Amino acid sequence: MEEKQCVFCSVIRKEINAKIVYEDDKVIAFDDVNPQAPVHVLIIPKEHFESINEFPEEKKEILGYMVFISKKIVEIKGISKKGYRLVLNTGREAGQSIFHIHLHVLGGRYMRWPPG
């Protein structure tokens, strides 16, 4: 999917309203419009990559940065002590519906295992 057609790229460009939880020069985090838990935030890089499969090695530090930012998100949302789940879906069969890599931060309820 081209960047100009990507809904998450539209959020980054502020063409689509989103409830932004955190933003800096590398990532933006916002509440999911279809939450699967009381806390459901998406962390996306400001650069467009469809999935982990297309992620270039020279940009790999952004993946760790997204995980690091999740620590800030759970503190903002008040679930850092209770527990939370981080999910990165890759491909349709894994549940990826928007092809701009994104990290789900889920919490605020008991998470069962196995998921899905």
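The values are calculated or read from the model by the stated rules, or taken from the named source; none is laboratory data. Values in this document were obtained by computation on a predicted structure and should not be read as measured data. No Cβ is skipped: glycine too gets one built from the backbone with ideal geometry, and neighbour counts run over all protein chains shown. Protein only, heavy atoms only, side chains kept; ligands, DNA and RNA dropped before computing areas. Shrake-Rupley method; radii C 1.70, N 1.55, O 1.52, S 1.80 Å.
For residue 22, work out the one condition from (1) touching a residue at least 12 places away in the same chain (Cβ under 8 Å); (2) open to solvent by less than 40 Å² (accessible area, probe 1.4 Å) it doesn't fulfil.
For residue 22, the failing item is (2).
Tell me which residues, restricted to segment 78-101, are closer than 24 Å to residue 10 by Cα, of a type outside the set (Phe, Trp, Tyr) and touching a residue at least 12 places away in the same chain (Cβ under 8 Å).
Matches in segment 78-101: 86, 87, 88, 89, 90, 91, 95, 96, 98, 100, 101.
So is residue 70 under 20 Å from residue 11 (Cα atoms) and of a type in the set (Gly, Ala, Ser) or not?
yes
Inspect segment 68-79 for any residue being among the β-branched types (Val, Ile, Thr), within 17 Å of residue 30 (Cβ to Cβ) and open to solvent by 50 Å² or more (accessible area, probe 1.4 Å) and give the result as yes or no.
So far as segment 68-79 goes, yes, one or more of its residues are among the β-branched types (Val, Ile, Thr), within 17 Å of residue 30 (Cβ to Cβ) and open to solvent by 50 Å² or more (accessible area, probe 1.4 Å).
Check every one of the strands (runs of 3 or more DSSP E) wholly within segment 1-83 and list those with 2 or more residues that are in contact with an Asp or Glu (Cβ under 6 Å, 6 or more places away or on another chain).
Passing ranges, in order: 39-45.
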